[in-house]
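The values are calculated or read from the model by the stated rules, or taken from the named source; none is laboratory data. These numbers come from a predicted model, not from an experiment. Glycine also receives a Cβ, built like all others from the backbone with ideal geometry; neighbour counts cover every protein chain displayed.
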Amino acid sequence: MKKIISGLLIFFIITTASAQDITGKWYGLLKVQGTQLRIVFNITKTENGFSSTMDSPDQGVRGIRVTTTTFDNGILKLSVGSAGIQYEGGYKENMIAGIFKQGGAQYPLDFSREQIVVKAALRPQEPSKPYPYYSDEIEFKNINAKIALSGTLTLPEKNGTNYPVVILITGSGPQDRDESLLGHKPFLIISDYLTRNGIAVLRYDDRGTAQSGGNFKTATSADFATDVEAAIGYLKTRKEINQAKIGLMGHSEGGMIAPMVAANNPDVNFIVLLAGPGIAGDKLLLLQQGLIAKAAGTPVDAIAKSQEQNARVFEMIKKSTNDEKLKADIKSYLTDLLKDSANASKLNGMDKDNYAALQTEGITTPWMQYFIKYDPSIALTKVRCPVLAINGEKDLQVPPKENLEAIGNALKKARNKNVTIKEFPGLNHLFQECQTGAPSEYGTIEQTFSPTALAEITKWIKFQAE
């Protein structure tokens, strides 16, 4: 669910020093799991050293804060605590050659000053302009958060009226309005399809991402829910929209946020959950970990041991009332685990203390703590509007059987009579037709979103809008 392939996520020592200017943009091409990802580090000089941000253009992510940046004796070291990333490389003649590490894996990654142009992946579903409908670039404000969010509102016709509308809510990680991921633009595909079928669509950049204001890294799912509320408020000012037919469609984490909003906002007429979690966050992450590790060929006993260790960390987070103490306790626990030779092998040469600190920072972000503690079923028991909940049969990130059963049980408690739940054969977490469902396939599949799923979603929405 997390970006930069966050498990859901991967030297040359050259001495010369003086007159080396490490500042500016550095471009690299990360090759991992059959996929090529452009990585850009933006390094600036400060009074005390250096600071940096990281971009992943192919995932639509820019401005990720780099936790530490050092350049000493020709060696560049960078770490991104929120994603568990560490990079170390040697500088020579405007080149940096080194190793990219994440989640216990490592990959060669070299950087240069020259911008990398990659051959565009074949994405046959992506529409081309001019579109046969009206597209309006808009901005709306989340007054309480004091931020402006940028997006696109598509309407079947420019001067039409009374259109039902769907607000698209992205999955986890900083996402642009198209939910760009590994060369795919699922929300562009969904928006295009719905609008061609008479349904208006609002999609927007996450706060702190692309053209939207705000700070993504300090936000939780509850904060993102207020952004959806702001989008609803904006749509109520548009004369083209049927205000009695405002729906929400969320993918992954977005499918958790949609019920949070619908449970308390009578303006929400229907919701569509695309692999939206119905299981408590800690349990979902453990299920996800097990399925992805199994698909990667990890031995059963190793999976069980890792899940046991993660469950212990999750329990610490759930019981915590003091953030600083929590971080110290988790770092101490991870450090103890690394004394074991089997765990130490995961370091790939990384310093134990550094590794434990990076892992601790990644697992204790505001977003992660909220997600681990959150139980989606509580909001679902309060949802009274029509619900369509779907999963792909081969989804390894939000397991379909356990997840759809949990959603169904919660909606029964809500006494919601208008519920449609469906598992689509052969589809993965992105609703692509796939072989295994493993995240490593996402970027290699040409299809962005199953036409069968698109058609059924559209049919269901049009029925609700009658």
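Is it the case, given these coordinates, that LEU411 is surrounded by 22 or more Cβ atoms within 10 Å (Cβ to Cβ), over 30 Å from GLY297 (Cβ atoms), touching a helix residue (DSSP H, G or I) at 6+ places or on another chain (Cβ under 7 Å) and modelled with pLDDT of 95 or more? Considered against the rule, which asks whether it is surrounded by 22 or more Cβ atoms within 10 Å (Cβ to Cβ), over 30 Å from GLY297 (Cβ atoms), touching a helix residue (DSSP H, G or I) at 6+ places or on another chain (Cβ under 7 Å) and modelled with pLDDT of 95 or more, LEU411 comes out as yes.
Taking the criterion of being in contact with a helix residue (DSSP H, G or I) (Cβ under 7 Å, 6 or more places away or on another chain), charged (D, E, K, R) and either surrounded by fewer than 19 Cβ atoms within 10 Å (Cβ to Cβ) or assigned by TED's automatic domain parsing to the domain that holds LEU274 (or both), the only residue of the stretch 361-391 that qualifies is LYS373.
Kindly establish whether GLU405 is surrounded by 15 or more Cβ atoms within 10 Å (Cβ to Cβ) and not assigned by TED's automatic domain parsing to the domain that holds GLN288. Criteria not met by GLU405. Could you tell me whether any residue of the stretch 93-110 is basic (Lys, Arg) and either part of a strand (DSSP E or B) or at positive phi (or both)? Checking the stretch 93-110: at least one residue is basic (Lys, Arg) and either part of a strand (DSSP E or B) or at positive phi (or both). Remark: pairs (first residue in the stretch 301-322, part of a loop (DSSP other than H, G, I, E, B); second residue surrounded by 12 or more Cβ atoms within 10 Å (Cβ to Cβ); Cβ separation under 7 Å; 6+ apart in sequence or on different chains) = SER320/LEU326.
Only one entry in LYS352, LYS394, LYS318, LYS331 is charged (D, E, K, R) and surrounded by 21 or more Cβ atoms within 10 Å (Cβ to Cβ), namely LYS394.
Return yes or no: is GLN125 farther than 21 Å from THR170 by Cβ and surrounded by 14 or more Cβ atoms within 10 Å (Cβ to Cβ)? No, not satisfied. The listed residues are ALA219, ALA262, ALA210, ALA200, and the only one of them that is crowded, with 21+ Cβ neighbours inside 10 Å and within 18 Å of the chain's Cα centre (by Cα) turns out to be ALA219. PHE270 meets the stated requirement of being buried (at least 19 other Cβ atoms within 10 Å of the Cβ), at pLDDT 95 or above and not in a helix (DSSP H, G or I). Checked against (1) modelled with pLDDT under 50; (2) surrounded by fewer than 19 Cβ atoms within 10 Å (Cβ to Cβ); (3) within 30 Å of ALA295 (Cα to Cα), LEU8 passes all but condition (2).
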